[in-house]
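Beneath this line is the structure, given in structure tokens, with notes to follow.
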Amino acid sequence: MTLKEDFASSSIWAKLAFCCFLTALITGGISFTTTRWASMNIKGTKGGVYFGLWRRCEIKSDDRVQACFILDGTANEWFAVVQAMAVFGSSGILVSMFLFILYLFFEKYKKNSEIGTIAGIICIITGIMYLIGCIVFATKKNKYYEDTEWIKFPLEYGFYLAIIAILFEIAGGVFTLIEIKATNTSQHRYDSSSSRTDEQI
């Protein structure tokens with residue numbers, strides 16, 4: 001069977017899980033690399049300073065990048081926690097999608113409940129870890145950078161893309177586990193029916 005036929009013949013839960021993994025991969029990849037998790041904007045001026053997981057960039061009023069500074073190896077423990085959780089969450093998406101592709105498309109591993117279960121559990125655990133990282137970022141940011149009448153420190157699209165990736169990552173894990181349970185139940189019924197038929201013969 002072709003990949004298209006394999007996907008078309010899959011259950012609704014498998015299709016939902018795959019779409020969730022793909023969405024999490026795209027949104028999570030953008031969020032992981034962008035410098036737009038938060039910003040510092042001065043009222044009445046354009047440009048500002050934008051913070052990502054790995055870089056802080058100063059943007060001029062004409063949207064040109066003035067300078068960027070690397071943030072890995074930061075001395076702020078809370079930010080190091082955010083970075084670590086983001087790495088775990090992003091790695092979980094990649095590993096789970098790889099395992100699910102094996103489960104869905106490769107004949108040798110197709111419908112292997114152990115591979116599917118591992119993919120689902122990894123997704124849920126690493127998704128929760130990533131969510132913890134985002135919560136730490138949102139709460140600690142407010143403590144370190146206080147909004148005033150003239151200076152604002154809003155969250156940016158990179159943070160919200162991370163939240164979207166997390167929700168789809170966890171949802172993909174849940175749908176995968178439902179798919180495994182449904183497949184095992186169906187297989188058990190088939191085996192039971194075959195056993196009764198053999199006994200009657």
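The values are calculated or read from the model by the stated rules, or taken from the named source; none is laboratory data. Since the structure is predicted, the reported quantities are computational estimates derived from the model, not experimental observations. Using ideal geometry, Cβ is built from the backbone for each residue, glycine included, and neighbour counts are taken over all protein chains shown.
Do any residues in the range 153-176 that are under 17 Å from Met40 (Cα atoms) and surrounded by fewer than 20 Cβ atoms within 10 Å (Cβ to Cβ) have Cβ atoms under 6 Å from those of residues that are among the basic types (Lys, Arg) and at pLDDT below 95, where the two are at least six apart or on different chains, and which pairs are they?
Pairs that qualify, where the first residue is under 17 Å from Met40 (Cα atoms) and surrounded by fewer than 20 Cβ atoms within 10 Å (Cβ to Cβ) and the partner is among the basic types (Lys, Arg) and at pLDDT below 95, are Glu156/Arg36; Tyr157/Arg36.
Being in contact (Cβ under 8 Å) with a residue 60 or more places away in the chain and surrounded by 15 or more Cβ atoms within 10 Å (Cβ to Cβ) is the filter here; which residues of the range 33-50 pass it?
Residues satisfying the conditions are Thr34, Thr35, Arg36, Trp37, Ala38, Ser39, Met40, Asn41, Tyr50.
Testing Leu22 on (1) surrounded by 18 or more Cβ atoms within 10 Å (Cβ to Cβ); (2) in contact (Cβ under 8 Å) with a residue 12 or more places away in the chain, one condition comes back false. Which one is that?
(1)
Kindly indicate whether any position in the range 121-144 is touching a Leu at 6+ places or on another chain (Cβ under 7 Å), modelled with pLDDT under 95 and under 26 Å from Leu94 (Cβ atoms).
Yes; the residues of the range 121-144 include at least one that is touching a Leu at 6+ places or on another chain (Cβ under 7 Å), modelled with pLDDT under 95 and under 26 Å from Leu94 (Cβ atoms).
Pull up the range 104-116, narrow it to residues that are assigned to a helix (DSSP H, G or I) and in contact with a Ser or Thr (Cβ under 8 Å, 6 or more places away or on another chain), then point me to the one that is surrounded by the fewest Cβ atoms within 10 Å (Cβ to Cβ).
Ser113
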